[in-house]
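Quick notes on the structure that follows.
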2 protein chains.
Amino acid sequence: MDPSSFDEPQPEAVTPTAERVRDADRTRADILDVATTEFSEQGYAGARVDEIAAKTRTTKRMIYYYFQSKENLYLAALERAYEMIRASEREVDVQGLGPREAIRRLAELTFDHHESHPHFIRLVTIENIHGAKHIAKSESLPGLADPVLEVLSEILRSGRAEGEFRDDVDALDVHMMISAFCVFRTANRHTFKAIFDRDMLDPRYRAHYRTMLGDMVLDYLTAR
Amino acid sequence: MDPSSFDEPQPEAVTPTAERVRDADRTRADILDVATTEFSEQGYAGARVDEIAAKTRTTKRMIYYYFQSKENLYLAALERAYEMIRASEREVDVQGLGPREAIRRLAELTFDHHESHPHFIRLVTIENIHGAKHIAKSESLPGLADPVLEVLSEILRSGRAEGEFRDDVDALDVHMMISAFCVFRTANRHTFKAIFDRDMLDPRYRAHYRTMLGDMVLDYLTAR
DNA sequence: CTACGTATTAACTAGTTAGTTAAGTACAGC
DNA sequence: GCTGTACTTAACTAACTAGTTAATACGTAG
C-alpha cells in the first residue's frame, strides 16, 4: 500500500469559460470535494453553504439539487471519508509475516494513512462533537466496520498460538490503542503545539512517532 | 486525589423569585457553567448565545456585560477547563513509589480525571477544530503547560537511573501517549460506538481500559 | 435620604443563514 | 425541428444570530 496514492480531495483547477457544460458527475464531485475541506476546517455548524458554493464552480442551487440539505451534504462527505479509509485498509498486506512483524506493519500502515488523510480524521472528530447523530442516519453504516479488524484478529490468534502475545485483549482493543495514537496526533495537534510548542505533525518527528507507535503496541502485546 | 471532588459544572437550582438580587459572582459563574456545557455539546460555532442565556438565570445582556463577546465567553470556558485540569494534576502524588509504580499511578490518575471531565476533553477537541486560534489569544496560555510533565520527567529519570526504563523518549512523548488513550476514549466515543457497537465509556469496560493504559505505558517503558 | 455607579431586565436591529422560487438551457429521443 | 427532462443560474425569503440601545433598580457611601 502506497500512502501517496490516497490524496486528499483537491478541487480541480478553475477553467474560466462562458459556456455552460453539463456534467452531473463532475459537478457533484466538485461540491463534495469542496464540502469535505470546508466541513473539516470549520466543523459542521461553522461551515456555510454559501461559502461552499462560492468555492465550487457552480451555484448553491446545485448543492440542494444533488444533496437536498446541508446535513445530507455533510453526511455524504463523512461516508466518503469512512469508505476511503476502509478501502485503503482493505489493502493492508501482512501475508507471510510473523505475528510480531505483522502487528508492527499494521500499526505503521495505519499511522501512514491516518497521516495522509487529516481531513478525514477531523471529520470523524467533528462527528463526535455531534454525538454521531448524523452517521447514525447513514444507510451505509453497517458496512463501515473496519475490515482491518479481521486482519488484526488473525494476527492476534497467530501470535497467541506461538505463545508470543498476551491474551487479555481483543482485536478491537488493539485497534483502539492504535487509533488513539494516530487520531490524537492530528486531532489534538493545534492545542498540543500551542501549549507544549511541539507540532506532532512536524516531519522531524514523523519517524520517531511511527517507531514509538509500533514499539508501544508490540511491547504491550508481548509483555510478560 | 479523589476524582469525585472534581465535578462537572452544574447549574444551580432555579429559585423562582420576582425580586432582583444582585450577585455578580454568582451571575458570572452561572453564565460560565452553562456556557461550558453548551459549548462542549454544540461546539463553538453551534452554540447559541440566546440558548446559553435562556439556560441561565439571567439575560443575554449580562453575557455581554461580563464577557463582551461570544468568543470571550468561549475562551473563558476554555481557560477554566485547562486550569481545572492543571489544578488536579498538581495534586498527583507519587511520593515514595518506585518508578514502575509511579508511572502506573500517574497513568491511572490521568485516566481518572480525564474521565471525570468529559466536557473539558470535548472543549479541547473543539478548540482543535478551530486551530487553537482562540486559546492563542489567552493571556494565561504561558501558564497552561502541564505541571505533570515535571513529575513525569522525574519518574523517567529515576527509572533510567535504576536501569528499568528506556531512554529514547522524553516526558512529553509519554504524556502524549497517555493523553491520546484517555482523550480518544471520550472524544471518539460516539462514532466508535456507532461503528463497533462498543461504548468506551461504559462502566463495564472501565477497569479493563484503566489497566490496559497502565500496562501499555509500563510495558513500553520497560521493554528491552 | 440622596446620589451614583454597577448590575440587571427588556426590547430592538442589521446582517447572515439554510433553504426556496423562478427562469434559463443543454441534451437526448423522436 | 420539437419536446420533455435534467441540469444550471440568479434572485428571493423567513427565520435566526450576535450584538446593541434604553430603561430599571440594587446597594453603598456620605
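Things to note:
- Candidates B:68, B:95: the one that is under 30 Å from residue B:178 (Cα atoms), more than 17 Å from the chain's Cα centre (by Cα), polar (S, T, N, Q) and more than 14 Å from chain A (Cβ to nearest Cβ) is B:95.
- Among the residues of segment A:46-89, those that are in contact (Cβ under 8 Å) with a residue 60 or more places away in the chain, among the aliphatic types (A, V, I, L, M) and either under 18 Å from residue A:23 (Cβ atoms) or out of contact with any Lys or Arg (no Cβ under 7 Å at 6 or more places or on another chain) (or both) comprise A:78, A:84.
- Qualifying residue in segment B:168-175 (condition: closer than 20 Å to residue A:209 by Cα, within 17 Å of the chain's Cα centre (by Cα) and more than 7 Å from chain A (Cβ to nearest Cβ)): yes
- Meets criteria (under 15 Å from the mean Cα position of the chain (by Cα) and among the hydroxyl-bearing types (Ser, Thr, Tyr)) for residue A:82: yes
- Complete set of residues in segment A:177-224 that are within 24 Å of residue B:198 (Cα to Cα), within 7 Å of chain B (Cβ to nearest Cβ) and not hydroxyl-bearing (Ser, Thr, Tyr): A:177, A:180, A:181, A:183, A:184, A:187, A:188, A:216
- Residues that are of a type in the set (Asp, Glu) and closer than 16 Å to residue B:133 by Cβ, drawn from segment B:72-105: B:79
- Residues (among the small types (Gly, Ala, Ser), more than 24 Å from residue B:135 (Cα to Cα) and at pLDDT 95 or above) located in segment A:184-224: A:207, A:214
- One residue alone among A:7, A:33 is away from DNA strand C (no atom under 16 Å from the Cβ) and at pLDDT 90 or above, and that residue is A:33.
- Here residue A:51 meets each of (1) in a loop (DSSP other than H, G, I, E, B); (2) more than 12 Å from DNA strand D (Cβ to nearest atom) with one exception, condition (1).
- Filter result for residue A:121 (within 12 Å of the chain's Cα centre (by Cα) and either of a type in the set (A, V, I, L, M, F, W, C) or on the phi > 0 side of the Ramachandran plot (or both)): yes
- The set of residues in segment B:136-155 that are more than 12 Å from chain A (Cβ to nearest Cβ) and without any contact (Cβ under 8 Å) to a residue 24 or more places away in the chain comprises B:139, B:150, B:153, B:154.
The values are calculated or read from the model by the stated rules, or taken from the named source; none is laboratory data. As the structure is a prediction and not an experimental result, all values here were calculated from the model. FYI the Cβ positions are ideal-geometry reconstructions off the backbone, even for glycines, and counts take in every protein chain you see.
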